[in-house]
Amino acid sequence: MAKTSGEIEKEFIDTAKNKTGKSLQDWLKLVKSSGIEKRNDILEWLKKGHGLNHLQAQLITGIFLNNGNPVYINENALLENQFVKCPEMRSIFDSISEKIISSFQGTQLIPKKTYLSFTAVREFAAINVKPKEIRLGLDLGDEAFTEELQKSKLIGPMPRISHMIILSESKQFDNRVKQLVQQSFNRTHKK
């Protein structure tokens with residue numbers, strides 16, 4: 001099974017000195033002393049100026065911009081943060097999430113900073129929680145857009161999450177929506 005973002009982050013924190021020559025704390029001090037504040041500028045500075053790969057630079061930058069605290073290790077906090085501005089959507093999300101996880105073998109929910117990912121080898125569904133709606137993103141390729149099945153406007157997931165369905169109550173996750181999730185699951189699990 002693929003590592004979660006939290007596992008990748010913890011592994012990096014534990015092995016930063018061996019893999020990069022500096023501890024995480026050394027990197028954070030170095031970034032602070034640079035005076036660079038913008039995310040992309042820090043990333044480029046770490047990669048070009050210090051020879052780090054993209055993942056290493058991204059992890060250091062994320063932790064630096066999170067006041068020196070890990071971003072992904074506490075996945076429960078990432079999940080809870082999705083509902084800070086719209087707690088009324090939690091029960092709807094829980095219902096939809098349970099239906100996805102129970103319907104597609106091997107699926108795990110992986111909370112990210114800006115969205116919630118449903119992955120079974122590859123990401124096949126993603127959710128942005130908004131006030132009064134759940135945006136369910138799917139990988140449907142060239143499927144035609146309709147009033148119900150819109151072009152994705154999700155924040156966070158990869159571009160292959162091409163379509164979205166807006167759900168405002170759990171009963172809207174009906175057989176038609178489940179078929180679309182199945183279609184996305186099948187696309188991402190082709191042999």
Residue within the stretch 68-86 that is in the same structural domain as GLN183 (by TED's automatic domain parsing) and assigned to a strand (DSSP E or B) present: no
Residue among PHE118, PHE93 that alone is under 20 Å from HIS163 (Cβ atoms), more than 12 Å from the chain's Cα centre (by Cα) and not β-branched (Val, Ile, Thr): PHE93
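Taking the options ILE92, ILE36, name whichever one is surrounded by 13 or more Cβ atoms within 10 Å (Cβ to Cβ), among the β-branched types (Val, Ile, Thr) and free of Cβ contacts under 8 Å to residues at least 12 places away in the same chain. Spell out how you get there, then give the answer.
Values: ILE92 fails: free of Cβ contacts under 8 Å to residues at least 12 places away in the same chain.
It is ILE36.
Can we say ARG135 is of a type outside the set (A, V, I, L, M) and farther than 23 Å from SER91 by Cα? Give the derivation first.
Working: of a type outside the set (A, V, I, L, M): yes; farther than 23 Å from SER91 by Cα: no.
So ARG135 does not fit the description; no.
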Leading residue by the ranking (surrounded by the most Cβ atoms within 10 Å (Cβ to Cβ)) among those in the stretch 163-177 that are assigned to a loop (DSSP other than H, G, I, E, B) and charged (D, E, K, R): GLU169
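Going through the stretch 104-118 one residue at a time, which ones are part of a strand (DSSP E or B) and closer than 17 Å to ILE92 by Cα? Give the derivation first.
Start the filter on the stretch 104-118 by keeping residues that are part of a strand (DSSP E or B), which leaves 108-111, 116-118.
Scanning the stretch 104-118 gives LEU109, PRO111, LEU116, SER117, PHE118.
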Filtered residue count, the stretch 14-27, keeping only those that are surrounded by 16 or more Cβ atoms within 10 Å (Cβ to Cβ) and either in contact (Cβ under 8 Å) with a residue 12 or more places away in the chain or out of contact with any His (no Cβ under 9 Å at 6 or more places or on another chain) (or both): 4
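The values are calculated or read from the model by the stated rules, or taken from the named source; none is laboratory data. Quick caveat: nothing in here was measured; it's all calculated off a predicted structure. As a convention, Cβ positions derive from the backbone with ideal geometry for all residues, glycine included, and neighbour counts pool all protein chains shown.
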